[in-house]
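Written out below as structure tokens is the structure these notes cover.
No value in this document is a laboratory result; all are computed from the given coordinates. Because the structure is predicted, anything quoted here is derived from the model rather than measured. Don't worry about glycine lacking a Cβ; one is built from the backbone with ideal geometry, like all the others, and counts go over all protein chains shown.
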Amino acid sequence: MGTNSFIMIFLASMFANNILLAKFLGMCSFIAISRNMKTAFGMGAAVTAVTVCTALLNYLVYSGVLMVGSRFFPETDLTFLSFLVFILVIAGFVQLLEMILERFLPALYFSFGIFLPLITVNCAILGVNLFMIEQGLKYSFWQTSAFALGSGGGYWLAICLMAGIRKKLEGADIPKPLRGVGIAVIITGLIAMAFMGFTGMAEG
């Protein structure tokens, strides 16, 4: 596929098929962390970085070991292990990343704060890894990179938008029953409806 195809995959995964606003995965952290822009930005950055790295790692594991015709076990279908293996890869990668950052880049490690442990259980990251193989492994390594980067970027964009809107609403006259999570859910629905306008503009 040409450059335009990579761009289309990126745009489709970021907007039309946004992992938060179209698939509604990772909503717990999205609602909880989007109270201010600083934490939302940090969470978005962490999720994007881990999504890209783990998607590429799991692409190699799936194509090299699990799928029929894989490099190491070409005659064996181990795809039923995908869910478990993907979770282990994500958890292992995040744990390794924590140790490396704490040892060699302590300033960056402390700037991430609670975000790295949180993304271990973020279903948006696992969702991206599973959607990669949903219809069979049809993306190349580089196409998977574009898909993962767009998905992570879509999460980052959505959570920062949410944080910005919630900041603007501080001090607004919101009915008492809707304050907090209530208004956050309504805003999420409105943002999701806005992102639906991208459907059909980019096909990944």
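Tabulated results
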{"item": "FRET efficiency for residue 142 and residue 57, using Cβ-Cβ distance with R0 set to 22 Å, rounded to 0.05", "result": "0.90"}
{"item": "Degrees, to the nearest 10: 141-168 long Cα axis against longest axis of the chain", "result": "10"}
{"item": "Summed residue charge, Cβ within 13 Å of residue 182's Cβ, Lys/Arg positive, Asp/Glu negative", "result": "+3"}
{"item": "Contour excess over end-to-end distance, with Cα ends at residue 37 and residue 102 and 0.36 nm allotted per residue", "result": "21.0 nm"}
{"item": "Fully extended contour minus Cα-Cα distance, from residue 78 to residue 169, at 0.36 nm per residue", "result": "27.8 nm"}
{"item": "Amide H contacts under 5 Å for residue 19, placed H, 5+ residues apart", "result": "155"}
{"item": "Candidates 48, 188, 76, ranked by Gaussian network fluctuation over the chain, Cα under 10 Å, top entry", "result": "76"}
{"item": "By average C-beta atoms within 10 angstrom, highest first, the peptides 34-44, 17-27", "result": "17-27, 34-44"}
{"item": "Residue 194 paired with residue 65, simple spin-label distance in nm, labels 7 Å along Cα-to-beta-carbon", "result": "4.2"}
{"item": "Which label in (i) 1.31; (ii) 1.09; (iii) 1.14 gives the computed Cα Rg over 2.2 N^0.38 Å", "result": "(ii)"}
{"item": "Packing-based ranking, highest mean first, of 145-154, 119-128, 53-62 given that Cβ atoms within 10 Å are counted", "result": "145-154, 119-128, 53-62"}
